[in-house]
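Colleague: Can you keep this structure in mind? I'll have questions shortly.
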Amino acid sequence: MDLNVAGIRLDVTEEGYLTDVSQWNEEIAVEIAKELGIELTDRHWEIIYWLQEQVKNDVALSIRGVKKSGVIDIKEFYALFPGGPLKVSTKIAGVPKPKSCI
């Protein structure tokens, strides 16, 4: 499936996750966030880069893992990425859909 973001054709799954992580950049993240009704702040970027680092290190992402990470508390995670914080944040971060997301 194709998605045009910031004038760039992206390969995405039916749910909107990038199939080619190398296509991700900050401009694309900003556009995806905008489409989801989120204006990215420095705190969003901290979480986005942390998520990317976890994926690079083969850490399975889950709400429980985020909660235990000490990087962000769950209340703030939900506030920053409303409507399913793990799903929303990983889409913006350009990482594959976590297995823990339905």
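Colleague: So which residues in segment 49-65 are under 18 Å from Leu36 (Cβ atoms) and touching an Asp or Glu at 6+ places or on another chain (Cβ under 9 Å)?
Modeller: none
Colleague: While we're here: Read through the list (1) touching a residue at least 24 places away in the same chain (Cβ under 8 Å); (2) outside any loop (DSSP other than H, G, I, E, B); (3) not aromatic (Phe, Trp, Tyr), then give the number of the only condition that Ala60 fails.
Modeller: Against the list (1) touching a residue at least 24 places away in the same chain (Cβ under 8 Å); (2) outside any loop (DSSP other than H, G, I, E, B); (3) not aromatic (Phe, Trp, Tyr), Ala60 comes up short only on (2).
Colleague: Next question, about the same structure. Out of the residues in segment 41-66 meeting the condition of being of a type in the set (Lys, Arg) and more than 17 Å from Val21 (Cβ to Cβ), tell me which one is modelled with the highest pLDDT.
Modeller: Once the filter is applied, the top-ranked residue is Arg43.
Colleague: Further question on the same structure: Search segment 67-81 for residues being in a loop (DSSP other than H, G, I, E, B) and free of Cβ contacts under 8 Å to residues at least 40 places away in the same chain, and hand back the single one that is surrounded by the fewest Cβ atoms within 10 Å (Cβ to Cβ). First the steps, then the outcome.
Modeller: Of the residues in segment 67-81, the ones in a loop (DSSP other than H, G, I, E, B) are 70-73, 81.
Add one more test, that the residue is free of Cβ contacts under 8 Å to residues at least 40 places away in the same chain, and what stays is 70-73.
Numbers: Gly70: 7, Val71: 16, Ile72: 20, Asp73: 12.
This residue is Gly70.
Colleague: Let me ask something else about it. Report, by residue number, each residue of segment 66-88 that is closer than 26 Å to Glu35 by Cα and among the hydroxyl-bearing types (Ser, Thr, Tyr).
Modeller: Tyr78, the sole residue that qualifies.
Colleague: May I pose another question? Scanning segment 1-34 for residues that are assigned to a helix (DSSP H, G or I) and over 13 Å from the mean Cα position of the chain (by Cα), which turns out surrounded by the most Cβ atoms within 10 Å (Cβ to Cβ)?
Modeller: Filtering segment 1-34 for residues that are assigned to a helix (DSSP H, G or I) and over 13 Å from the mean Cα position of the chain (by Cα), the one surrounded by the most Cβ atoms within 10 Å (Cβ to Cβ) comes out as Gln23.
Colleague: Keeping to segment 6-38, report how many residues are at pLDDT below 90, in contact with a Leu (Cβ under 6 Å, 6 or more places away or on another chain) and small (Gly, Ala, Ser).
Modeller: Adding up the residues that qualify gives 0.
The values are calculated or read from the model by the stated rules, or taken from the named source; none is laboratory data. Because the structure is a prediction, the values reported are computed rather than measured. So basically every Cβ, Gly included, is an ideal-geometry build from the backbone, and we count neighbours across all protein chains shown.
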